[in-house]
1. Hey, how many Å between the Cα centroid of the range 207-276 and the Cα centroid of the range 303-343?
2. Could you pull out the trypsin sites (Lys or Arg not before Pro) across the range 351-424 that fall in loop regions by DSSP (anything but H, G, I, E, B) with no more than 13 other Cβ atoms inside 10 Å?
3. What Rg and what Dmax come out for the chain when only alpha-carbon atoms are used, in angstroms?
4. For the range 432-447 and the range 1-43, what is the separation of their Cα centres, given in Å?
5. Leaving out same-chain residues fewer than 8 places away, which lysines sit with a Cα under 17 Å from that of Lys169?
6. When all alpha-carbon pairs of the range 359-426 are counted, what percent fall beyond 20 Å?
7. In the chain, which helices (entire DSSP H runs) extend 27 Å or more along their own long axis, judged by Cα positions, while averaging at least 1.0 on the Kyte-Doolittle scale?
8. Amide H neighbours of Val350 under 5 Å, at least 5 residues apart or on other chains, H built in the peptide plane: list them.
Amino acid sequence: MRPLTPTETSTLGILTAACLAVLVNTWRSDGEPLFASLAISGIAFAFTYATILWSGEVFMRKGFKGRDLSKKNGGEIPETMGLVCALVYLLVLVSFLPFAFKSHIVASTLDAGYDKDRILEGGGMETGRFLHRFPLEKLASYGFAYATLASTTILGILDDAFDMRWRHKFFIPAFAALPMLALYFVDFGVTHVSVPVPLRQYLGVGELIDLGGFYYVYMGAISIFCPNCINIMAGINGIEVGQSIVIACLILLNDALYLFPAAHRPPHPAEESHLFSVYLLLPFLGVSVALALHNWFPAKVFVGDTYCYFAGMVFAVVGILGHFSKTLLLLFIPQIFNFLYSAPQLFKLVPCPRHRLPRFNARTGLLEPSVATFEEAQPLRPLVGEGLKLLDTVHIVRVKTDERGRVTETSNLTILNLWLVWRGPLREDRLAVEILLLQTGVGLLGLWARHSLALLLFTADNRF
Ligand code: UD1
Ligand code: MG
């Protein structure tokens, strides 16, 4: 698209140099994985930011481009730039491995009677290492997370390349999640969940209930839901990547609650899971913030379905392999609402146009709710029409009726259109900011409920 400006070059250069210095330092001082992860995420940010600029042209030449539907004379801009994020991210996951496990490698090799300095010089290579105390199960989580995200990326590219139909692509993430579910089966196999105290008496069960195979169905559903829900809460500049950044920050906040309070001595039992989550999310933030800078209003690139699937699957992986998938759902409340609200259109009770993004009014330059219209030849089922009229009276949709009282059009059933029904026409960036603030507020409320109100339903908050 364009070369880096001198300011960008110097800023990214300084950032990369500083991060490299931190990396060298952490390697010398026995790994320090958290600092290494921060530094690698900084490098991932710089690399993604620059690569998106450099590769936009090539993407467009190969047909990965789209028209910005909410701009006056909106030209075509590169699409699928989330692929750059996903690829840099996968590269970064691998680069981080030695830092994540260095202390284990050293410890287990030392245990076997080797001299640490010799091993660091590569002396262990000839004789091989005795890794009998190496935490292979953690390496497995890491490896299968990588496999799941790599398959998600491949399937995302397929979707962007072939513009698949909604009903076909809905199940794509389930296939991508298979490596992770297989690992869960082999390695953890925990299918018990805590039962809320008030329900125990009615269900006649104790503190835990074994969901067996249903737990795998539940995890499969999470893997389908997280990627798709980001892809359908989309259509205005910055919203797909913006919501992903907010969710990632909220999960990191939840991780911090388990990792940092000095009161946790000895360390919290879930510490490893939350560290795993931090190591996956910091580089995710790095690549996503870089993408957001190009995708924010007025967008210079689109993120593509590849990014939506990749981002959603990062969250699913972190939640499932970190054993906090139910807390994860509390951070997806706007997406859950958007999915349920969209259901009549997704399941074809109400016609669903190819694009449901808000309508751009070229005269005012503002976004208004977009609509689905019903032809005389294909009228709505009377019951559905009555339902929509009822929702209209409580301002949950906006419908138009003909002289006979039949619904002829309805605002499209997405949270973005609903927000515009409530707030009136808004500029695109204003709408994005308001929705992201909503996401942040609701997420913080969810976390608060998780750690305080949970005591009303369960005997203890697992943080303590
Ligand atoms: C999903 C939504 C669809 C929405 C679309 C927008 C469902 C079932 N599908 O479809 O209603 O219209 O996302 O992303 O809810 N675009 C913009 N501005 C943006 C982002 C996208 O104009 O800020 C347009 C561009 O023309 C771009 C296209 O949307 O090329 C991308 O659409 P795509 O991601 O392929 O749509 P779906 O994910 O299938
Ligand atoms: Mg999409």
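What follows draws every value from the coordinates through simple rules; no lab data is involved. Bear in mind the structure is a predicted one, so any value in this text is a computation, not a measurement. Here the Cβ is made from the backbone with ideal geometry for all residues, glycine too, and neighbour counts use every protein chain on show.
1. Centre-to-centre (Cα) distance: 8 Å.
2. Details: sites: Arg354, Arg356, Arg359, Arg363, Lys389, Arg398, Lys400, Arg404, Arg406, Arg423; in loops: Arg354, Arg356, Arg363, Arg398, Arg404, Arg406.
Answer in residue order: Arg354, Arg363, Arg404.
3. 24.4, 89
4. 30
5. Leaving aside lysines fewer than 8 places away in the same chain, those within reach of Lys169 are Lys348.
6. Details: 685 of 2278 pairs.
Within the range 359-426, distances greater than 20 Å cover 30 percent of Cα pairs.
7. On the way: long enough: 6-28 (33 Å, 0.75); 33-61 (40 Å, 1.20); 82-111 (43 Å, 1.71); 136-162 (39 Å, 0.78); 213-232 (28 Å, 1.12); 239-259 (29 Å, 1.67); 271-295 (35 Å, 1.03); 428-448 (30 Å, 0.95).
Flagged H segments are 33-61, 82-111, 213-232, 239-259, 271-295.
8. Amide H to amide H, under 5 Å and 5 or more residues apart or across chains, Val350 pairs with Gln345.
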